[in-house]
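Here's the structure, in structure tokens; my notes come after.
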Amino acid sequence: MDKVIIKNLIARGIIGVYDWERDKPQEISINIILYGDISEAGNTDDIEDSINYKTVAKGAQSLAENCQRLTVEALAHDIASFCLETPGVQKVAVRVEKPGAVRFAESVGVEIERSKD
């Protein structure tokens, strides 16, 4: 299966369980791998035959900035569900991280995989 990769997409949203985390938007890093058959796009050189990564990136960023989830797990689930609604996407891997969330760690987060099967 082919892959379309969105790497280190940055959003600013409300995420976290503590009161101080819910006061102002935090940086959220999102990585997405979209799995599907994009061989026709290679033959035709036509975006209509591929997975539109711009649409996926904008949608994922909008979700992160507006859904105000308590956990990165829930946000990753929301993004994965959105991605699976995108034409051509059969499977998705989503990693959501909160930079600086834990002292002495660059970031913390989760990575999930979901498929239409």
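The values are calculated or read from the model by the stated rules, or taken from the named source; none is laboratory data. Computed from a prediction, not measured in an experiment: that's the story for all the values here. Cβ placement follows ideal geometry from the backbone for every residue including glycine, while neighbour counts extend to all protein chains displayed. Remember, those area values only see protein heavy atoms, side chains included, never the ligands or the DNA or RNA. Shrake-Rupley method; radii C 1.70, N 1.55, O 1.52, S 1.80 Å.
List of remarks:
- Straight-distance candidates among the aspartates and glutamates for linking to Lys7, with alpha-carbon spacing under 14 Å and chain neighbours fewer than 8 residues away dropped: Glu97, Glu111.
- Cα-Cα over 27 Å, subset of Lys54/Lys91; Lys24/Lys91; Lys3/Lys116: Lys24/Lys91
- For the chain, the Cβ-based charge dipole about the Cα centre amounts to some 500 debye (Lys, Arg positive; Asp, Glu negative; other atoms uncharged).
- Entry comment: accessible area of segment 53-108 is 56 Å² per residue, from protein heavy atoms only and a probe of 1.4 Å.
- Carbon + sulfur, % of accessible area of the chain - ligands and nucleic acids excluded, 1.4 Å: 47
- Exposure of Asp2 as accessible area (Å², to 10), given a probe of 1.4 Å and all protein chains: 60
- Helix 72-84 and the longest principal axis of the C-alpha atoms of the chain enclose an angle of approximately 20°.
- Identified option (computed Rg/Rh (Cα atoms, Kirkwood Rh); candidates (i) 1.19; (ii) 1.03; (iii) 1.10): (ii)
- Relative contact order %, the chain, counting alpha carbon pairs below 8 Å whose residues are six or more apart: 27
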